[in-house]
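Student: One structure follows; several queries about it will come next.
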Amino acid sequence: NTAQTLEDIADVNGIAGLGAIVLPTALILSVPHGAEVQTEVRTAGTSKLSMDQSDELFRVVRRAERGEITPVEGLAAIARARTLPPRFEPPMRLLGATVFTVGLVLLLRGSWADLLLGAVLGVGVGALQIALSRTTSREVRNYQAFWPLLAAFTVTVVVLSLGRVWSELSVFAPLVAPLVTFLPGGLLTTGVLELSSGHVISGAGRLASGLMQLVLLALGIVAGAQLVGFPPSVIGEVPGNPLGVAAAWLGVAVFGVGVFVFYGARTESLRWMLLVLYVAYAGQVIGGLFFGGTLSAFFGAVAMTPIAMLAARQEDGPAMLVSFLPGFWLLVPGALGLEGITRIFGDDEIEGVTAMATTVATMVSVSLGVLLGLAIGSRIPALARPAWAARVRALREARLARALRGDHHDDPRRRR
């Protein structure tokens, strides 16, 4: 998508033959200038954008693809998007962390005790996330790999210590729910998606990064369990749901509202985010009834992808990335992987390998579901690429035809 977009913007601005290589942490561009080619490499992915900043960035990209802004105006607009103030102040974001943690506990079939403890731990982990996002200290950032480990260790010690004296408290839901912001479910699934579409370097890099984050979380959980004296194998035990089936459906909305507040999405985006989440969850539930839990994520991904494409086409709709990420987190492949690696480190290798195999199957299912959903959406006229994209492709083909004929007349757009 990124390479295609860059080529379209180059064509609109009269640059033919742009070469683009997009990596998770770098961007390589080769721009032809007559008989010469200039190549530049820039780092990428060094800072994260909030959801409203991502929305604004994609709006700039759409205008650039249509040729409505010049490159200079586009650079200025991107700079403004990066400096947008946070949609919500830290106290409100802490509330959002509490809300989406409670929503995830509901989705993981927790009890009332799990809800209460999950909410408290959600505040603590959310405060850590906010502090890390606001710090400019290089020393703090140099040790960022240790923060997931520290968060997992602290949450595990609290949950397992209270589990010894609080009989109504389960383990899995209140432990995983506060750590959801550290779970690399989207990262792992995107890596598999890139591998399946032929982008080997990017896909392998994302998979390695996601697995490393899972290892850090699992090390923190195992260390906390050993300190308290609990076997790590109890982490995968999920009790019956005393709150009823309706609680999980309510949890989808609670989770969506919490993500909206914590990550600062635009107000207009909320209804589309909730719609994508409910479609993803409904697809997962229906798929699970007929094909089991491993393949259920495939049907959730197939169902939510066209809806996310539809939302991105609306004037007030969010960028596809904004409505997509909560859907990835809802399908929670990262939670399964966390359980599997934790079991391996806890001397339960057979169960651990089984859980990891389930995780891999889930990631592949989600990736294939996204690919199929994109294919279905591209066949629907209302969701396919708009007319201006066809005009850009026609411009590129016409320029190529002139070059093959030896026609060296300048393009009118280049003269302007």
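The values are calculated or read from the model by the stated rules, or taken from the named source; none is laboratory data. Keep in mind the model is a prediction, meaning the values are calculated, not measured. Glycine also receives a Cβ, built like all others from the backbone with ideal geometry; neighbour counts cover every protein chain displayed. Quick note on the areas: whole protein, heavy atoms, side chains included, nothing else; ligands and nucleic acids left out. Shrake-Rupley method; radii C 1.70, N 1.55, O 1.52, S 1.80 Å.
Student: For segment 45-156, compute the orientation-averaged projected area of the C-alpha convex hull (one quarter of its surface), in nm². Numbers along the way, then the final one.
Tutor: On the way: hull surface 37.2 nm².
Its Cα hull, projected and averaged over all orientations, spans 9.3 nm².
Student: Ignoring ligands, DNA and RNA, what percent of the 1.4 Å accessible area of segment 127-214 is carbon and sulfur? Working shown, then result.
Tutor: Working: 2660 of 4310 Å².
Solvent-exposed carbon and sulfur of segment 127-214 make up 62 percent of the total.
Student: What is the Cα centroid distance between segment 172-226 and segment 254-313, reported in whole angstrom?
Tutor: The distance from the Cα centre of segment 172-226 to that of segment 254-313 comes to 20 Å.
Student: What number comes out for accessible area per residue over segment 1-149 if the probe is 1.4 Å? Units Å², please.
Tutor: On the way: 8680 Å² over 149 residues.
Normalised by residue count, the accessible surface of segment 1-149 is 58 Å².
Student: Another question, then. How far apart, in nm, are the 7 Å Cα→Cβ label points at residue 316 and residue 4?
Tutor: 2.9 nm
Student: At what distance in nm do the modelled label points of residue 201 and residue 372 sit from each other, each positioned 7 Å from its Cα along Cα→Cβ?
Tutor: It works out to 3.2 nm between the two label points.
Student: Label residue 146 and residue 353 with points 7 Å out from Cα along Cα→Cβ: what is the distance between them in nm?
Tutor: 3.5 nm
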